[in-house]
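Report on one structure; see the data block that follows.
Every number here is computed from the coordinates shown, using simple stated rules; none is lab data. All values reported here derive from a predicted model rather than from experimental measurement. Every residue, glycine among them, receives a Cβ derived from its backbone with ideal geometry; neighbour counts consider all protein chains shown.
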There are 4 protein chains.
Amino acid sequence: MEPARAIGVGMLGYAFMGKAHAHAYRTISHITWPPPLTPELVSICGRDADAVAEAARRYGFATAVTDWRELVANERVQLFDNGGPNALHAEPTIAAARAGKHVVCEKPLGRDADESHAIWAAVAATDVTHMCGFNYRFVPAVRLARRLLEAGDLGELRHFRARYLQSWLAGPDLPDVWRLDRAQAGSGALGDLAAHVIDLARYLVGEPTAVNGLLRTFRPPRADGAPDVDDAVEAVIEFEGGAVGTIEATRMATGRRNAMQWEINGSRGALAFDMERLNELQVNLDGGPGFRTLLVTEPEHPFMEHWWPPGHIVGWGDTFVHELHHLLGAIAGEHGVAPHGATFEDGYRTAEVCDALVRSSESGRREAIAYRGLADAPAA
Amino acid sequence: MEPARAIGVGMLGYAFMGKAHAHAYRTISHITWPPPLTPELVSICGRDADAVAEAARRYGFATAVTDWRELVANERVQLFDNGGPNALHAEPTIAAARAGKHVVCEKPLGRDADESHAIWAAVAATDVTHMCGFNYRFVPAVRLARRLLEAGDLGELRHFRARYLQSWLAGPDLPDVWRLDRAQAGSGALGDLAAHVIDLARYLVGEPTAVNGLLRTFRPPRADGAPDVDDAVEAVIEFEGGAVGTIEATRMATGRRNAMQWEINGSRGALAFDMERLNELQVNLDGGPGFRTLLVTEPEHPFMEHWWPPGHIVGWGDTFVHELHHLLGAIAGEHGVAPHGATFEDGYRTAEVCDALVRSSESGRREAIAYRGLADAPAA
Amino acid sequence: MEPARAIGVGMLGYAFMGKAHAHAYRTISHITWPPPLTPELVSICGRDADAVAEAARRYGFATAVTDWRELVANERVQLFDNGGPNALHAEPTIAAARAGKHVVCEKPLGRDADESHAIWAAVAATDVTHMCGFNYRFVPAVRLARRLLEAGDLGELRHFRARYLQSWLAGPDLPDVWRLDRAQAGSGALGDLAAHVIDLARYLVGEPTAVNGLLRTFRPPRADGAPDVDDAVEAVIEFEGGAVGTIEATRMATGRRNAMQWEINGSRGALAFDMERLNELQVNLDGGPGFRTLLVTEPEHPFMEHWWPPGHIVGWGDTFVHELHHLLGAIAGEHGVAPHGATFEDGYRTAEVCDALVRSSESGRREAIAYRGLADAPAA
Amino acid sequence: MEPARAIGVGMLGYAFMGKAHAHAYRTISHITWPPPLTPELVSICGRDADAVAEAARRYGFATAVTDWRELVANERVQLFDNGGPNALHAEPTIAAARAGKHVVCEKPLGRDADESHAIWAAVAATDVTHMCGFNYRFVPAVRLARRLLEAGDLGELRHFRARYLQSWLAGPDLPDVWRLDRAQAGSGALGDLAAHVIDLARYLVGEPTAVNGLLRTFRPPRADGAPDVDDAVEAVIEFEGGAVGTIEATRMATGRRNAMQWEINGSRGALAFDMERLNELQVNLDGGPGFRTLLVTEPEHPFMEHWWPPGHIVGWGDTFVHELHHLLGAIAGEHGVAPHGATFEDGYRTAEVCDALVRSSESGRREAIAYRGLADAPAA
């Protein structure tokens, strides 16, 4: 087999998500062999000229720029990868799509539902491929869960309980990061962590119809105003199929570092998962007591054809290999009408649930969730 | 050491709770040596004359009766133990207390907050000792958690997330039990399971101030009207100290049989627990990653002076030994002003939270919780 | 149902095993209803007159004596329960059996294979029922494992790996207990812990044919000569069916308190167990990856008809309820020719494996194991 | 920072280990930034011309060859990476070293101790850097264990129990792989799996002094003679510091896919590990009950400066990134006199332990282990 034709990648951002995406592009070429398209790292953009130049050397981008408009203007860029802060999602992503570039944008898509809807609407008006970076859909155990759920193996779904537990804000020190600034981030644990949980809720269980929630910031802000975002979100959630449950996201869960945990109970079985053990799916397919700790590394398990023999686990960073490989396949026309990757519509819909949580926290009421279509105007 | 003076026990009910309590009374005499008082099984009461007679033979009660008023009238009964259906909690318990008998009543105390308040008020007007059967306060790991929390080892508390997961209603068959009948039970998963979670929330974290909840019954009732109680409760909870979290109780959690699971995150550490592994406490006292799986069977651990060498675990039934031993100590005057056992006031306060959950489920609103004092009249 | 006819119990020893057995006799009467025979606690024997008198009061024995010959002479004693130090197993047990009393003797049966064979031979020459106290056969998860193995669900057995890990000798302090004195105990971790592992190996996998082992005492003895027994045993083991594996027993395994862990791998599946989680069996019945954590508390699980609803776990002490209930059933003629309880022949056979481990440790050679029959003379 | 100067890599083999190493070289350049040397993939060698040509395209090697002598002759190759079958370890590795190329050779170094000693002696006579591919030294949790052990945090070491459990031979089908052919592999589970366990024993506990072991092949060979290697190894092991324990390796452990599990007990604490959860170390530093499940992803944990924020786990393949990065550092002169990577002397010493296991299995005797020095002639 020959390597596939190249696709030029322009990337905005070189920090956490930039590193994860760059590592994935470099890995796709040899791990997912042959790749549907071979990523060619054309240009990377960041505010700090020295830092972005070093990032270019490190990851092998041909050029480094400090203005994202240069990425948009660069004809060799065919795929625009936006891993910048949330405030930089809308304008560059829309501009890139209008310039005919396929776009992948990190989650949350926008800082709220209106901004997310605007991004979706603008990009959907072009004919580029778009993906919102909910990489946890590409965890092998999560994809296997989806497969079991689609097959109906759990029966009628009754419960979804999920929480995304981190602890980096639990101590006395407050780091100086954009994620604590509402202007840049839009929200705190809500958009950062709860958005992942909500996307998986939608991916695995179905469309949420109502939430009853609470946002909480535990500390008074510093002189610079930070944090002015939520530390934690607590909520009751209802689904169109009748399932109910709780969701939670927090940066204050001492003892937990990256524990996105969920459990689904159906009438005939149940599944459970913890991101800190991302190669394992807890499986119950008979309703009896207890779960099987299934190591999701068999040849027939999702994504495992790319990797190692059974029992040799993959890492968190490898989920981006799966995700961006899927995106390249979509661009190359390999997938059918329902790709697994979250589209910008998925990004928007999750934002609607997040907005409902904000409204519910403020109003103290159960908030129904209405999803707008492409033609709908922004909410007044 | 000599055995302690006897205390005559009269018991209402001989099914699940009756068996657990009778086993405990028979065990206290030799395991908790010397016991503060030696239980003497005087009389047991149940509706079915043959069945209650056999229960008397089985557990060693001197007599069996079919009218609880005989227990109240029996001068040899000094402690009245009410393990009957919820609808039989109020009248017999109050009558026994007014007859000067100490009383222990299974949870939930009453079928709602009003009934619970009435029981508390009536019994508090006598001078008997009263305890509400929240036996999970007497799990060694739970008591150890309380000890660590009282010492402040976790810092400022931020989160309490708990769920009581059973699965006996998940399948297609609907058992014929009083627990599915609102007239007898008052509620479903709410009073049966969520009440335990709420009592532990109060015992470990502090007083709940508001809830945002949802009750759900998944199936249409049969011809006989059952179930007319909730299968599941989902809620957000807030505490007076500022902690927030989620609570859940369900009889539909396939894969789980008796999984009362909770986790508490403070600013300096965290604790976690699962009733299906009731001898273990997950302990984090530095805020770093992960938990120690502490087997709570050391000599210095709560209740372990009664049992076996380290590593030899106790069972669920043994929690009643601890609970009723504590009650006998209270009656014998061994404890100070703040016994660990839930009083009837605790039983009432939990019922207030349960009522708030019902109101919130109906109104769709966050419901503040107001606790009445002894002097307060029932809510209109 | 009526209580069964009584059987008079005389007990030698009131410490750890005495407490466990006495608790079991008192519990059988009401938990295993109706019991095959109702234990009547006739007399208890110990060296310290005051202590044994208090033990009698505590557990409800009618009389207390300081010479075990009084138990043997007591006509009301029909079942002799020997929980004394190992050096007191042979003479009293044989005397009791010759006096027509059924006998249960704690493990190890004798201090070596010769003594064990002599006990077995002498008792088998009477017609009393005999049981050696390998109580771990009566753990529900262990019995369930046996059931699965008997059904052939694991295919051809290849591996048995087991270890009994305790840590009470790991620290600098050396307790003053008979278990460290060879004259009283016969051996250290070998007879105390490895014997349990060997008995389960025989119960679950089959007859050991050879061992290759090592005994180790880590510290020099004190002035009083203790410890003069092994702290740890390490061995390779082979079985008549072709399975091979490792066994280990130690009192030096920091972090472990009572972790008797074993795993069996067959051609079609595998089972694993840890005594510190004695209500759980790890089950794999298809050879695929991972195990189901089966909570062994379902109504159809062994012994669970006596206890609580699913999910309500039993404790270590409850295994003696199952064991002695089984013994009473055997005495009452309820069981067929192959009772699950270890007979004195089982006690002897385990001692042969222990002796082979001692020989192998000294010789450095693989030692074949030859089991003597009843007619065989003691080894010269 | 600038990328480091390049080092030309020539690789023998493109299957399992070839893929793992190639992936690592490609990852080092951007993940371990700046790398000590930048790997340049010069040439890859394999027997099948088409397959090796495709491997070259896939992994980015400049050329593909079918005779390893071309790698040795290639002046641009500065580092020779031998991931071929065991029978191809000696000659090419020695030739490459004699040609002045640094060498890394997969484990086991040779097919027995003599061959391993010969490789070590020949290569040590040159001045190239050599490493034997015991990649599990480069698991973050294993390296952290080493750090804790070097600090003396566990006290005096008493026990090492380890097992490497796979199951790919457990079913009825026998795959057609060189690993089952003694001529190519030298041994079965012994060199493939037990060698890893022995290397870690040496790395963590110290030098083994004696073993008492057993090799077992469960099935009769096919017509082609395979398997003529062992399926399983069981052994008792003794260390120079006084610790004792058991080791095991098997391809027949149903339920386990890649479970290299070990536990070390010292007088003051204990550590435990399972490769199927390779990001976790079980830590006990006080000798009390239970272990902390430490997620080894903190910034201060070994190798974590290269990767992601806390809680984001690495995969099995990433251990080769750490290993080969370490090798490049050694070549660049970054390390001191005691690098963590296994040298060829380590490869040889492990082979001596393996040989002792073979001798012990055949003789039935405890076999002492004598390690030869560089000057020693091969055993007669």
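Compute the Cα gyration tensor for segment A:203-318, then decide on rounded, prolate or oblate, letting a ≥ b ≥ c be the square roots of its eigenvalues: rounded whenever a/c is under 1.5, prolate when a/b is larger than b/c in the other cases, and oblate in all that remain. Oblate. Working ranking of peptides D:235-244, A:320-329 by packing, defined as the average number of other Cβ atoms within 10 Å per residue, highest first, is A:320-329, D:235-244. With a threshold of 30 Å on the Cα-Cα distance, the over-threshold entries among C:19/C:101; A:19/A:101; B:19/C:101; A:19/D:107; A:107/D:19 are B:19/C:101; A:19/D:107; A:107/D:19. The rotation axis taking chain B to chain C passes closest to the C-beta of one chain B residue; that residue and the distance in whole Å read B:315, 2. Segment B:83-154 and segment C:275-328 have Cα centres spaced 32 Å apart. Rounded to the nearest Hz, the phi-derived 3J(HN,Hα) couplings of segment A:56-63 under the Karplus curve 6.51 cos²θ - 1.76 cosθ + 1.60 (θ = phi - 60°) are 4, 4, 4, 9, x, 6, 5, 9, where x marks glycine and proline.
The mean count of C-beta atoms from other chains within 10 Å of the C-beta of residues in C:271-280, rounded to a whole number, is 4. Beta bridges per DSSP, both residues in chain C: antiparallel share near 55 percent. Residue by residue along C:18-26, Cβ atoms of other protein chains within 10 Å of the local Cβ number 2 on average. Between this copy and the others, label points of residue B:334 are 3.4, 6.4, 7.0 nm apart in ascending order, each placed 7 angstrom from Cα in the Cβ direction. Note on D:149-156: average number of Cβ atoms from other chains within 10 Å of each residue's Cβ is 1. How would segment A:17-171 be classified by its alpha-carbon gyration tensor: rounded, prolate or oblate, with rounded meaning a/c under 1.5 and the a/b versus b/c comparison settling the rest? Prolate.
For residue D:6, the residues whose amide H sits under 5 Å from its own are D:38, ignoring neighbours fewer than 5 places away on the same chain, with H placed 1.01 Å from N. For segment B:4-21, backbone phi angles converted through the Karplus equation (6.51, -1.76, 1.60; θ = phi - 60°) give residue-by-residue couplings of 6, 5, 7, 10, x, 10, x, 10, 9, x, 9, 8, 3, 6, x, 4, 5, 6 Hz, Gly and Pro being listed as x.
If you rank C:190, C:79 by fewest surrounding Cβ atoms within 10 Å, what's the result? Could the numbers behind the result be given before it?
Details: C:190 29, C:79 26.
Fewest-to-most Cβ neighbours within 10 Å comes out as C:79, C:190.
Remark on residue B:65: its backbone amide H falls under 5 Å from those of B:44, B:45, B:46, a criterion applied only to residues 5 or more positions apart or on other chains, H modelled at 1.01 Å from N.
Taking every DSSP helix (H) stretch of at least 4 residues in chain A, weighting each as -39,500 (n - 2.57) and dividing the sum by the residue count yields a mean residue ellipticity at 222 nm of -9000 deg cm²/dmol.
Which ordering of D:198, A:313 is given by a fewest-first count of other beta-carbon atoms within 10 Å? List each step's numbers first, then the result.
Values: D:198 32, A:313 28.
Fewest to most other Cβ atoms nearby, the residues stand as A:313, D:198.
Put the Cα centre of segment B:185-243 next to the Cα centre of segment C:41-78 and the gap is 52 Å. Distant-in-sequence amide contacts of residue A:311, defined by a placed amide H-H separation under 5 Å and a gap of 5 or more residues or a different chain, comprise A:297.
Across the identical copies, the label point of residue A:91 (7 Å from Cα in the Cβ direction) is separated from its matches by 6.7, 7.6, 9.8 nm, in order from shortest.
Would you mind telling me the antiparallel percentage of the DSSP bridges in segment D:135-259, rounded to 5?
Values: 16 of 23 bridges.
Counting DSSP beta bridges with both partners in segment D:135-259, the antiparallel share is about 70 percent.
Across identical copies of the chain, residue D:240 has label-point separations of 4.5, 6.6, 7.0 nm, listed in ascending order, with the point defined 7 angstrom from Cα along Cα→Cβ.
I need the shape label for segment B:27-91. Rule: rounded when a/c is under 1.5, else prolate if a/b > b/c, else oblate, with a, b, c from the alpha carbon gyration tensor.
On the way: a/c = 1.89, a/b = 1.51, b/c = 1.25.
Prolate is the answer for segment B:27-91, as a/c is 1.5 or above and a/b outweighs b/c.
Neighbour counts of C-beta atoms inside 10 Å place D:54, B:280, B:362 in the sequence B:362, D:54, B:280, starting with the fewest.
Each residue of segment C:29-35 is assigned a 3J(HN,Hα), and the resulting list reads 4, 10, 7, 9, 9, x, x Hz, derived from the Karplus form 6.51 cos²θ - 1.76 cosθ + 1.60 (θ = phi - 60°), x at Gly and Pro. Ranking C:149, C:129, C:43 by how far each Cα lies toward the positive end of the dipole of chain C (charges on Cβ) leaves C:149 at the top.
What are the equivalent ellipsoid semi-axes of chain B, built from the alpha-carbon gyration tensor (square roots of five times its eigenvalues), in whole angstrom, biggest first? Kindly include the intermediate steps, with their values, before the conclusion.
Numbers: eigenvalues 185, 142, 83 Å².
Taking √(5λ) for each eigenvalue gives 30, 27, 20 Å, largest first.
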